[in-house]
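Only one structure is covered here, and it is reproduced in the block below.
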Amino acid sequence: MTEDINKSYVQRYVDKARSTDDENLQNNALYRVGTQMEIISCDGNDRLTADQRQTVLDAADKLLGVKND
C-alpha cells in the first residue's frame, strides 16, 4: 500500500542509486527501495537485473510524482 511507504526513504535511496556508477551500490540502494515498496521480495539478494532496476526506478518515480517525458 502506497500510504505505508516512506517517501523520504525512497527518495534518499533513489538519489543514491542515481548518483553513482557503481553497480553494487546501485543494486543495494534499489533493493532497499524495491523491498520498501514491496515490488522485490525481501530475500537478501540485492543482485538485481537491469529489468528489476528499471522496474524499481519506474515505480519510485511514479510514487514520488516524477514525470519521465
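Considering only residues that are in contact with a helix residue (DSSP H, G or I) (Cβ under 7 Å, 6 or more places away or on another chain) and either of a type outside the set (A, V, I, L, M) or farther than 15 Å from residue 9 by Cα (or both), which ones fall in the stretch 53-69?
Passing the criteria: 53, 68.
If a residue must be open to solvent by 30 Å² or more (accessible area, probe 1.4 Å) and part of a helix (DSSP H, G or I), how many such residues does the stretch 1-11 contain?
We begin by selecting, within the stretch 1-11, every residue open to solvent by 30 Å² or more (accessible area, probe 1.4 Å); these are 1-4, 6-9, 11.
Subsequent filtering for residues that are part of a helix (DSSP H, G or I) retains 2-4, 7-9, 11.
Summing the residues that are open to solvent by 30 Å² or more (accessible area, probe 1.4 Å) and part of a helix (DSSP H, G or I) in the stretch 1-11 gives 7.
Can you name every residue in the stretch 12-51 that is in a helix (DSSP H, G or I), open to solvent by 70 Å² or more (accessible area, probe 1.4 Å) and not aliphatic (A, V, I, L, M)?
Taking the stretch 12-51 first, the residues in a helix (DSSP H, G or I) are 12-18, 23-36, 50-51.
Within this subset, residues satisfying the condition of being open to solvent by 70 Å² or more (accessible area, probe 1.4 Å) are 12, 15-16, 18, 23-25, 32, 51.
Passing the criteria: 12, 15, 16, 18, 23, 24, 32, 51.
For the stretch 6-59, enumerate the residues that are of a type in the set (Val, Ile, Thr) and without any contact (Cβ under 8 Å) to a residue 24 or more places away in the chain.
20, 35, 39, 40, 49, 55, listed by residue number.
Restricting to the stretch 59-69, give me the number of residues that are part of a helix (DSSP H, G or I) and either open to solvent by 80 Å² or more (accessible area, probe 1.4 Å) or of a type outside the set (Asp, Glu) (or both).
5
The values are calculated or read from the model by the stated rules, or taken from the named source; none is laboratory data. In this text, all values refer to a predicted model and were calculated from it rather than measured experimentally. Please note: Cβ atoms are built from the backbone with ideal geometry, for glycine as well, and neighbour counts cover all protein chains shown. Just so you know, the surface numbers come from the protein's heavy atoms only, side chains and all, with ligands and any DNA or RNA stripped out. Shrake-Rupley method; radii C 1.70, N 1.55, O 1.52, S 1.80 Å.
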